[in-house]
Amino acid sequence: GKSRNTSVYMSQKNEWIKEIAIPETIITSIKRSRRENADFYLKREDIYEKNPYLDKPLDICLLIDTSASMTGDRIKSAKFLAEYLVNSTRDRVSVIVFQENDVEVIVPFTRNFNMIQKNLSKIDSKGLTPLALAIEKSLEYIKKKKKKETLMMLITDGIPTVSVWSSDPVMDAIKAASEIPKKDICFSCIGLQPNKKYLEKIAKEGQGNLYIVDELKTDLLIYIANKERKAR
């Protein structure tokens, strides 16, 4: 298929809300209120629309960068996305994390919310960014476990810093991404503006969509995930 690169900077704030997703709305409002050191109150930006179940559920693999720069709200937002998808869809979700020289399937494909919550609590952020290895190992895992059409969503805030086949971590990551379409796997990549140049190459080789955001915020991740799901 053809690459369909996209850049998104904010969710559509003026969209009509058909039905409010109560759990996601309340959780987001609580988190924002805590960040603002304020009593709980609801803002328009906290509100999530309830999404109808897809006729054709997907397998979604969240490939999450857990290097040192992902600490704090970035990693929390990525974790919440996994919880949201299991809680709000019929999709199976897996979570694969990468840091230092390690890639780990922290959550195998599941629809079990309790498993998602328990296993996500084990995630911390530290070290370097072995993206090429992460893509390679994720493809191996998906090949063994996929049951349906599969979407791999890469969430990262940096650039690759660990090489696999050469002395250039970025070129290795691009090479790894070129294997994604060969495995008949849909791909999307979410990253930050300073890394747009190299992420464009990753998305192109993976024949996927690229979303460049100012920050890895919960509302943006959910908006992008739902957009990608609806496109399948």
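Pairs over the 21 Å Cα-Cα cut-off, from the set 56/143; 148/183; 144/230: 144/230.
Straight-line reach from residue 196: taking Cα to Cα under 16 Å and skipping same-chain neighbours fewer than 8 places apart, the lysines in range are 204.
About the Cα centre, and with charges only on the beta carbon of Lys, Arg (+1) and Asp, Glu (-1), how big is the dipole of the chain? Nearest 20 debye, please.
Numbers: 40 positive and 32 negative charges, 143 e Å.
I would put it at about 680 debye.
Leaving out ligands and nucleic acids, and using a 1.4 Å probe, what accessible area per residue does the chain come to in Å²? Present the calculation step by step, with values, prior to reporting the outcome.
Numbers: 11500 Å² over 232 residues.
Roughly 50 Å² per residue, with all protein chains present.
Within the listed set 209, 114, 195, the residue fluctuating most in the Gaussian network model of the chain (springs between alpha-carbon atoms under 10 angstrom) is 114.
Listed by chain and number, the aspartates and glutamates whose C-alpha is less than 13 Å from the C-alpha of residue 147, apart from same-chain residues fewer than 8 away, are 59, 91, 184.
Rank by packing, highest mean first: peptides 34-42, 135-143, with packing defined as the count of other Cβ atoms within 10 Å averaged across residues. Could the numbers behind the result be given before it?
Details: 34-42: 9.3, 135-143: 19.6.
Ranking the peptides 34-42, 135-143 by packing returns 135-143, 34-42.
Beta-bridge orientation, the chain: approximately 25 percent antiparallel, per DSSP, counting only bridges with both partners inside. Each Lys or Arg adds one and each Asp or Glu subtracts one; over the other residues with Cβ under 10 Å from the Cβ of residue 137, this totals -4. For the peptides 101-110, 167-176, the ranking by mean Cβ contacts within 10 Å, running from highest to lowest, is 167-176, 101-110.
Packing here is the average count of other Cβ atoms within 10 Å per residue, and on that basis the peptides 75-83, 177-185, highest first, run 75-83, 177-185.
Carbon and sulfur together cover what percent of the accessible area of the chain at a 1.4 Å probe radius? Show your work: numbers first, answer last.
Values: 5760 of 11500 Å².
About 50 percent, which is the carbon plus sulfur part of the accessible surface.
For the stretch 96-194, the dipole from Cβ point charges (+1 on Lys and Arg, -1 on Asp and Glu) about the Cα centre works out to 640 debye, to the nearest 20. Since only 169, 108, 159 are under comparison, the one whose Cα sits farthest along the positive direction of the charge dipole of the stretch 40-187, derived from C-beta charges on Lys, Arg, Asp and Glu, is 108.
The values are calculated or read from the model by the stated rules, or taken from the named source; none is laboratory data. Bear in mind the structure is a predicted one, so any value in this text is a computation, not a measurement. Neighbour counts are summed over all protein chains in view; Cβ atoms, including those assigned to glycine, are modelled from backbone coordinates with ideal geometry. These area figures cover heavy atoms from the full protein model, side chains too; ligands, DNA and RNA do not enter into them. Shrake-Rupley method; radii C 1.70, N 1.55, O 1.52, S 1.80 Å.
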